[in-house]
Amino acid sequence: MTPLRPAQMVRLHFGENDLYAGRPLYEAVVAACRDEGIAGVTVYRGIEGFGASTLLHRPSLFGRSADAPIVVTLVDVEEKVQQVLPHLKALFDGSLDGGLIAILEVEMLRLGHA
Amino acid sequence: MLKPGSALKVVIYLGEAEQSHHRAAFLLVLDFLFYRGVAGATVTRGIAGFGADRHLQAASLIEASDNLPIKIEFIESEARVQELLPKLRELVGHGMIAAQPVEVLQAPQAHTPAPAPEPLAFRELRGKAKLMRIYVSESDQWHGQPLHEAIVQSLRAHDMAGATVYRGILGYGASGRMHQERRLPWSHDCPLMLSVVDDEAKIRAYLPVIEEMVAEGLLVLSDVEVIKYTHRTEPAGAPKGEQA
């Protein structure tokens, strides 16, 4: 069996309506991770939540216009994560909306690439 | 792997209508045998029969009986049968389980050998544990069914404490292929994440199984502390709950 490698997971929390340079912040985050060759990134849309601004994020009943909470998680070895982190911070600063970035120590295993 | 020589033939009798976990009990038994690596199993439906409750069930052209007798048969070594028996008893509930010695003359040959999963028993879950996250795509298939559903069934067969599947709206994984939610309702290529919490030993013992199933994906383990693991109390020896 392939051994697991020590890695880091980054969790970014913000809102669906947060923008960076005119496009959704989560798309900019995914693009930045892709540019840095991060192993895997997933964007989740929550159904309810609140953040630093204590404004309740809640998708509306009608359509997709409302500001749902967004969580982006990415995983890679520490070196790669530390490499992409300044870019992610810059995106947050540039979006003016802010959010939360948290890091967890994890172990990682690429499946199907043995 | 089943070898030629002495073994046991196990026969399970159940009613077709018997339910467990909101599914037909015989399908749960079959899933369990499949994901625990039993060499083979056959389900046959009788056309008439009766059981302990003395109700005669028969197929009729006019009135379809929905509780015909079901017979599940499999052959395994005695050691494997003993290992599977506690969980089988739980799944079979009120049905009957019988075993008879048989002589295997020719063992079945698998086209691709499957790894023999290690025996795992359910334990109370508390304190230090591991959180396993498995990343796959919604469009991935495994033996003709959605991969994430097959993984959930295999997790259940390995007695994991519980599993939750999350659908992401955007992401990419091992292949670098982008998965994105489309505005079209029939799009099924979102990134999926399955999360499982259980003992470290149990999670690590499961890794070879998941490596075998996933052709392209990512797996992440992290430390967690289980504060509470409870389940809804169901009558008469119902199986463990579904929280995670």
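Rounded to the nearest whole Å², what accessible area per residue is found for the range B:127-226 with the 1.4 Å probe?
Spelled out: the 1.4 Å probe surface of the range B:127-226, per residue, equals 40 Å².
Under the Karplus relation 6.51 cos²θ - 1.76 cosθ + 1.60, θ = phi - 60°, what is the ordered set of whole-Hz ³J(HN,Hα) values for the range A:42-49, x standing for Gly and Pro?
Karplus values, whole Hz, x for Gly and Pro: 9, 10, 10, 9, x, 9, 6, x.
Accessible area lost on pairing A with B, both sides, 1.4 Å probe, Å² to nearest 100?
Using a 1.4 Å probe, the pair buries roughly 2800 Å².
At 0.36 nm per residue, and after removing the present C-alpha to C-alpha distance, how many nm does the segment from B:Gln180 to B:Arg23 gain when stretched out fully?
Extra length from B:Gln180 to B:Arg23 when fully extended: 53.3 nm.
Exceeding 23 Å between C-alpha atoms, which entries from my cross-link table qualify? They are B:Lys71/B:Lys202; B:Lys128/B:Lys228; B:Lys3/B:Lys202; A:Lys89/B:Lys128.
Long pairs (Cα-Cα over 23 Å): B:Lys71/B:Lys202; B:Lys3/B:Lys202; A:Lys89/B:Lys128.
Starting from the 7 Å offset along Cα-to-Cβ, what nm value, one decimal, do you get for the label separation of B:His55 and B:Leu105?
In this crude spin-label approximation the distance works out to 4.1 nm.
Heavy atoms only, probe 1.4 Å: what % of the accessible area of the range B:5-104 goes to carbon and sulfur, would you let me know?
56 percent
Quantify how strongly other chains surround peptide A:19-27 by giving the mean number of their Cβ atoms within 10 Å of each of its Cβ atoms.
1
Taking accessible area as the heavy-atom solvent-accessible surface of the protein chains with a 1.4 Å probe, which residues of the range B:144-174 lose no less than 40 Å² upon going from the isolated chain to the full protein assembly?
When all protein chains are present, B:Ile169, B:Leu170, B:Tyr172, B:Ala174 each give up 40 Å² or more of accessible surface.
Using a basic spin-label model with each label point 7 Å from the Cα along Cα→Cβ, how many nm lie between A:Leu100 and B:Ala48?
6.7 nm
Averaged across the residues of A:99-110, what count of C-beta atoms belonging to other chains lies within 10 Å of each residue's C-beta?
Average per residue, whole number: 4.
Enter the mean number of other protein chain beta carbons within 10 Å of the beta carbon of each residue in A:34-47, as an integer.
Counting Cβ atoms of other protein chains within 10 Å of each residue's Cβ and averaging gives 5.
Using a 1.4 Å probe on the protein heavy atoms, what percent of the accessible area of the range A:9-55 belongs to carbon and sulfur?
Summing carbon and sulfur atoms, their accessible area is 53 percent of the total for the range A:9-55.
For the range B:202-220, which residues drop by 20 square angstrom or more in accessible area between the chain on its own and all protein chains together (1.4 Å probe)?
Those are B:Arg204, B:Leu207, B:Glu211, B:Val214, B:Ala215, B:Gly217, B:Leu218, B:Leu219, B:Val220, which lose 20 Å² or more relative to the chain on its own.
The values are calculated or read from the model by the stated rules, or taken from the named source; none is laboratory data. Please read these numbers as outputs of a predicted model, since none were measured by experiment. Glycine gets a Cβ as well: all are built from the backbone with ideal geometry, and neighbour counts include every protein chain shown. Protein only, heavy atoms only, side chains kept; ligands, DNA and RNA dropped before computing areas. Shrake-Rupley method; radii C 1.70, N 1.55, O 1.52, S 1.80 Å.
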